[in-house]
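First up is the structure itself, then whatever we jot down about it.
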C-alpha cells in the first residue's frame, strides 16, 4: 500500500521506539509493570505532567478510555461525550460493555467541539434514581475534526464540572499534536485545566503500540490494578510499552513527531485551499485536513494515497498526516488534485 492520508495509525514506527524496545529486550525484568523501565517512564510522566500521579500502560486507545472511565464510575452512572467521539462512534460497544454506563452523546458545534452551555444543559436530574447519574464528561483533544479546545475553554468547562462533582476525562489520542499547536506544556494541557483522568496516545505519535492512562487525583485510581486485570489491559511485559514512553518523554521525541505531522497538514491545506471545487470544512489546527471534494475524484485519488470519506452525503473527506509524511508526498498529492480539476472542469 502506498503511503497516504488515511490515518496516522497507518504510519510506521519511530526508529527511536524500536531502539527502546531492543534495549528493554536485553535482560529479564519483572512482569506486569514492576520492572525498571516502567519505573523510569512513570518518573518522566511526573516530570512533565506534575507530581503525585498514578500512571499505567495499556495495549490500545479503546482500552485506555474504557479503563480510565470504568475506574471512576459505577454501572448506574452516565458519561457525557461528543456525538462525534470515539467513545460514541468508533469504539463499538466496548465502553458500555466494560463500564456498564449510559453514554450520552452531546451535539458538537461547527468546529467539532462541545460548547460549555451544552454541557451545562445536559447535567440534569441529579439524585433522581430513575435517571442515570452523570459522573464523567469525556472530551477529545484534538477533536475528531482536528480542531482544538483552547486552554481557557477547558478551564471554563472544568469549572462547570467541578460545581457538579463530575469527573473530567480527556481522550488524548493525539494530545501531543494539540500541545505543539497551542504552544503549551503537557501539564498546562492537563492538570492545570482540571483534567482528572487522561488517556495519552502513543501509537499515533510513533510508538509501535501502547497507550497510557494518567490519574491526576489518586483518590480516583483506587482499585486500578484490579480493574486493569479484569479488563484484559494488563500487559505481562509492560516494559515494552513503558520503555517507549520513557524515551518519548525524556528525549522529547513527541515534539518533533507531532510538530512535523502538524506542519505537513498545514502544507497540504495551503496547497489545496484555493483549488476550485474544494471546500475546506474545518479549521486546520493539528494534523488533519477536512475537505469536501467531488465524489468522482475519490477513486483516482485513493489509488495514489488512501484516505477516508468522513461524510458520504457531502463527500467530506479526511486527510491525515503523520510523523513520516514528507513534503514531496504532500506536493505530489496536491499536483494530482490540480490535474483532476483541469481534466474535469477546464
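Please treat every number below as a calculation from the coordinates, not as lab data. Quick caveat: nothing in here was measured; it's all calculated off a predicted structure. Heads up, the Cβs are rebuilt from the backbone with ideal geometry, glycines too, and the neighbour counts pull from every protein chain shown.
A few points about this structure:
- A straight chain from residue 185 to residue 90 at 0.36 nm per residue would run longer than the Cα-Cα distance by 31.3 nm.
- Overall dimensions of the range 167-250 by Cα: Rg and Dmax, Å: 13.4, 38
- In the chain, the DSSP-assigned H stretches of four residues or longer account for a calculated mean residue ellipticity at 222 nm of -12000 deg cm²/dmol, using -39500 (n - 2.57) per stretch and the full residue count as denominator.
- Folded to 0 to 90 degrees: helix 327-345 orientation relative to the chain principal axis, Cα: 50
- Residue-span extension gain [residue 279 to residue 229] - 0.36 nm each, minus C-alpha spacing: 13.3 nm
- Annotation for residue 309 and residue 124: the two label points, set 7 Å from Cα along the Cα-Cβ direction, are 3.6 nm apart.
- Our note on the geometry: Cα centres of the range 12-69 and the range 173-195, 19 Å apart.
- The label point for residue 18 and the one for residue 152, both projected 7 Å from the Cα toward the Cβ, are 4.6 nm apart.
- Distance between the range 262-276 and the range 280-346 - C-alpha centres, whole angstrom: 10
- Principal-axis analysis of the Cα atoms of the chain puts helix 15-24 at an angle of about 30° to the longest axis.
- Using a cutoff of 8 angstrom between alpha carbon atoms and counting only pairs six or more residues apart, the relative contact order for the range 23-111 works out to 23 percent.
- The angle separating the long axis of helix 253-272 from the principal Cα axis of greatest extent in the chain is about 30 degrees.
- Our summary gives the range 15-251 a relative contact order of 33 percent, counting only alpha carbon pairs under 8 angstrom and 6 or more residues apart.
- Residue-span extension gain [residue 209 to residue 255] - 0.36 nm each, minus C-alpha spacing: 14.7 nm
- Diffusion of the chain by Stokes-Einstein, at 25 °C in a medium of 0.890 mPa s and with Rh set to the Kirkwood radius over alpha-carbon pairs, works out to 117 µm²/s.
- Taking a ≥ b ≥ c as the square roots of the eigenvalues of the Cα gyration tensor, the range 254-345 is prolate, since a/c reaches 1.5 or more and a/b is larger than b/c.
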